[in-house]
Amino acid sequence: MAKAIGIDVGGTNLRVGVFEGCQLLQETRFQADFSQICHTHPPQQAWEQIIATTVAGIRHVLMQFPQVQHIGIGFPGFIDPKTNVVAQSPNFPGLHNVNLAQDLASALQTQVTVENDALAAAYGEYCLAGKPANGLIYLGLGTGLGGGLIYADKPFVGQHGVAMEVGHIIVEPNGRNCGCGNQGCVEQYASASGVSATYQQLTGQHLSAQHIAQLADAGEPAAMSAYQRAGDALAQMLASVIKVVDIPNVVIGGGMCHAWHLMKAAFDTRLDADLIPVLRGKLSVTPSQTHDTAGMLGAAQLALLLNR
């Protein structure tokens, strides 16, 4: 069975996994605060650092697995399915129309498959779930909020590569500013940064989502409210998506899914209220059990699938 490398690009780290089928043979993590780099450097300089760091990470792993010929990467942003150009990355400000696939391939002298990070994670969850015939929706709660839809064994990307950019569905008109250019997008409430913003709005303190989760577990009211707001906003968005696509399987992943217990009650209440009656009780919503490896697996599997 062919081995493949899958890379998951996050806001603060780079994760490189080697897979044989769905089995993770090795995972290597690299510190890579790409979000901070983009906030503090001119766009071209930031992009050069992103490419250099990513190439170094891949080369490090290839030294141990030189026989690997398939490399896939999940990257946060709007990626044109025809050209692989990253048109925009709201969480990496300043990046516009950069060609990740071409720049990596040029440096590594091998083909690299590029996919949106949430869509790669969706495909990974789909593979691990046994490829359900009725498809799967993935919602990734991390620094931002991404989504992916798998149907008929294929990732659905849309004409311009922005299908399932659910993090930018507006749930609060004239709400918080978003990196995409709009206001009130759901990822400004149902993400790690969104939870931090809600908590700061309530208390005046800026804390990480992880710290706020600890306070919420201890019963601190503002912390509990921040996560309840996240669950409510997430369900509001999902109800709208389900009315359009009618896919019964939903997986909640990303680093913030560990706090799912803090969001679930508010999520369930809002989802039941917003779904049309015929869909109530017919949706399976579960937190990911993959320990956050789905993004790497999906990127690796898509590299194999799209380069047969």
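Worth a mention:
- From the list Gly94, Gly72, the lone residue that is small (Gly, Ala, Ser) and touching a Ser or Thr at 6+ places or on another chain (Cβ under 7 Å) is Gly72.
- Single residue of the stretch 116-152 satisfying the filter (part of a strand (DSSP E or B) and among the aromatic types (Phe, Trp, Tyr)) that is most open to solvent (accessible area, probe 1.4 Å): Tyr151
- Count of the stretch 132-177 residues which are among the basic types (Lys, Arg) and out of contact with any strand residue (DSSP E or B) (no Cβ under 8 Å at 6 or more places or on another chain): 1
- Considering (1) modelled with pLDDT under 95; (2) within 13 Å of Lys264 (Cα to Cα), the lone condition that Gly181 does not fulfil carries the number (2).
- Residue, farthest from Gly147 (Cα to Cα), within the stretch 232-255, restricted to residues that are within 15 Å of the chain's Cα centre (by Cα) and either of a type in the set (D, E, K, R) or open to solvent by 10 Å² or more (accessible area, probe 1.4 Å) (or both): Gly255
- Residue within the stretch 150-166 that is within 27 Å of Ala223 (Cβ to Cβ) and in contact with a Cys (Cβ under 6 Å, 6 or more places away or on another chain) present: no
- So Glu125, is it over 17 Å from Met237 (Cβ atoms), at pLDDT 95 or above and not β-branched (Val, Ile, Thr): yes
- Single match in Ile51, Ile7 (criterion: within 14 Å of Ala299 (Cα to Cα), touching a residue at least 40 places away in the same chain (Cβ under 8 Å) and out of contact with any Cys (no Cβ under 9 Å at 6 or more places or on another chain)): Ile7
- Applying the criterion of being out of contact with any Phe, Trp or Tyr (no Cβ under 8 Å at 6 or more places or on another chain) and under 16 Å from Phe34 (Cβ atoms) to the residues of the stretch 82-102, the residue that is most open to solvent (accessible area, probe 1.4 Å) is His96.
- Residue tally, condition not in a helix (DSSP H, G or I) and not hydroxyl-bearing (Ser, Thr, Tyr), over the stretch 14-56: 21
- Screening the stretch 266-298 for residues that are exposed (fewer than 14 other Cβ atoms within 10 Å of the Cβ) and of a type in the set (A, V, I, L, M, F, W, C) and picking the one that is nearest to Gln236 (Cα to Cα) gives Ala273.
- Residue check for Val86: over 16 Å from Ala118 (Cα atoms) and either free of Cβ contacts under 8 Å to residues at least 60 places away in the same chain or not aromatic (Phe, Trp, Tyr) (or both): no
- Leading residue by the ranking (least open to solvent (accessible area, probe 1.4 Å)) among those in the stretch 221-231 that are over 21 Å from the mean Cα position of the chain (by Cα) and aliphatic (A, V, I, L, M): Ala223
The values are calculated or read from the model by the stated rules, or taken from the named source; none is laboratory data. Since the model is a prediction, treat every value here as computed from it, not as a measurement. Please note: Cβ atoms are built from the backbone with ideal geometry, for glycine as well, and neighbour counts cover all protein chains shown. Just so you know, the surface numbers come from the protein's heavy atoms only, side chains and all, with ligands and any DNA or RNA stripped out. Shrake-Rupley method; radii C 1.70, N 1.55, O 1.52, S 1.80 Å.
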